[in-house]
Amino acid sequence: MSRTGWVGLVLCAAVAALAAAQERPPASRIEGEGARVTLILLDVAARDEKGRPITGLTQQDFTVTLDGRPWPLYSVDSFCGSEAPSPPAAGAARVDETSSPLAASTPDSAGASAGQEDLRFILYLDLLQLQLDGRMQAIRSAQKWVREVMQPGDQAMVVASTRMRGAAEVCPLTGDKQKLIDAMEGAYRSRDYVEMFPAELVSRAEECRGCIRRGDCFPTPECCVVCSANAEMEARHGDEALRALKWFIEELHEQPGRKVLLMFQQNGMLSPAQFYPGSKAAIVGTHEKMVKEVIAEANMAHTAVYAIPSGTGPPDIGIQLAENTGGRYSRSDSDIPAVLQASRRDAACIYRLAFEPPEASRTSRHEVRVRIRGVRRLASYVVQNVNEADRLSRRARATLRRAGDGSAGGLVVALVPRANPKGRWNLAVQVAVDADTLF
């Protein structure tokens, strides 16, 4: 069957095929000239003590540790003005543009300058974590960025997260300021973009405190059913919000260039139990694992997160995302204008570090720490590598997620009833997809 044809498959068979592809060993590495290597690419913003970009750095100015061990750099590309990228290390093999975790970006970064690097801005309204007052403030802050920070030639889009749509596009990528502002105004007035669960956070927390004051948590606070139930609901909802963000960033991998994601959020607490006295984090759980997954996706997609908390609420998650992707965050309303300005200024100077992942764990996540001229950055980075099977699986998931909004292209899903030996019916899911949407 040609690639342009239609591919019909039973969903479980597709999953099995992808799993089998992931189990294949990686291609052999050939040492010496002409060899292919797989690289992890990491964008790092270098700033001085006043937050200003540092230009003129070379590969010799950077040292890296990976999972606590000193790690060699393959190359460092500068995206600061008209500076040329530093050459690969002596004797380095050729970059494998097929199996690199960012194959689409690797050719550009191999000899690019800052003027050639595409830059996209995403105004991400995390409505799943915005109370009603925060929702208004978030849209006003995003519109302020458009009016006062966005420059001629900049391209920006508006995305909003909701339970029904996940992370959905409100306004496509455009340089038209008025179009962006009007789209946000329309979202603010539309009932389709109102989420009641985050708006009821304060009342849920007060319900928990009320049962403690009344002594309903006898004999110990941990026994308070209301507190634990509310905390567990908060944890599930937080996972849903982070999953929507992760899936959105996953789709950004297909877009070349650097991205800046301004995230407007309010209820982003790393540990939901902290907001509900009488509940235990060990039982309710935290968002630490999911946050690391989002950080790894953002770093792989060349996306820096700038966290803008709106209204009142703990900004824990936003801080984690900003610190570990090269972005910034505001601690209070008074910091917001400075962070909005920094999101545009910082993007003018980025260094792209390239290094090989450990041979034995090509698909795992790794913690990376960077020193610039001997000074260690306070934050660490979480990075990951993916193979061809991973990328195909990601594109398939993205196609399935877009099935409901009409943008999935050639996709047909069928529910097929099948009899089972016990005289009942099973329901099989069959998917037909145009292979060109996956390649």
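Each value in this text was obtained by applying a stated rule to the coordinates, not by laboratory testing. These figures come from a predicted structure and were not determined experimentally. With ideal geometry, Cβ positions are generated from the backbone for all residues, glycine too; neighbour counts draw on all protein chains shown.
Data for the structure
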quantity: Packing-based ranking, highest mean first, of 336-343, 118-125, 255-262 given that Cβ atoms within 10 Å are counted; calculated: 118-125, 255-262, 336-343
quantity: Order of 269, 164 under a 10 Å beta carbon neighbour criterion, fewest first; calculated: 164, 269
quantity: Ascending count of other beta-carbon atoms within 10 Å, so fewest first, for 196, 263; calculated: 196, 263
quantity: Pairwise label distance in nanometres, residue 274 with residue 388, each label 7 Å out on the Cα-Cβ vector; calculated: 4.5 nm
quantity: Computed FRET value (nearest 0.05) for residue 176 with residue 331, which takes r as the C-beta separation and R₀ as 41 Å; calculated: 0.80
quantity: Ordering of 165-173, 136-144 by packing [mean C-beta count within 10 Å, highest first]; calculated: 136-144, 165-173
quantity: Separation in nanometres of the label points that stand 7 Å from Cα toward Cβ, at residue 345 and residue 375; calculated: 1.6 nm
quantity: Modelled FRET efficiency - R0 35 Å, residue 144 with residue 288, Cβ distances, 0.05 increments; calculated: 0.65
quantity: Extended-chain gain in nm, criterion 0.36 nm per residue less alpha-carbon gap, residue 229 and residue 151; calculated: 23.4 nm
quantity: Set 50/177; 259/292; 144/259; 144/177; 144/292; 50/246 screened for pairs whose C-alpha atoms are more than 21 Å apart; calculated: 50/177; 144/292; 50/246
quantity: Förster radius 35 Å - calculated FRET efficiency between residue 49 and residue 69, Cβ distance, rounded to 0.05; calculated: 0.75
quantity: Kirkwood-Stokes translational diffusion coefficient of the range 186-275, alpha-carbon pairs, 25 °C, 0.890 mPa s, µm²/s; calculated: 156 µm²/s
quantity: Amide H within-cut-off set for residue 170, under 5 Å, with H built and near neighbours excluded; calculated: 158, 159, 160
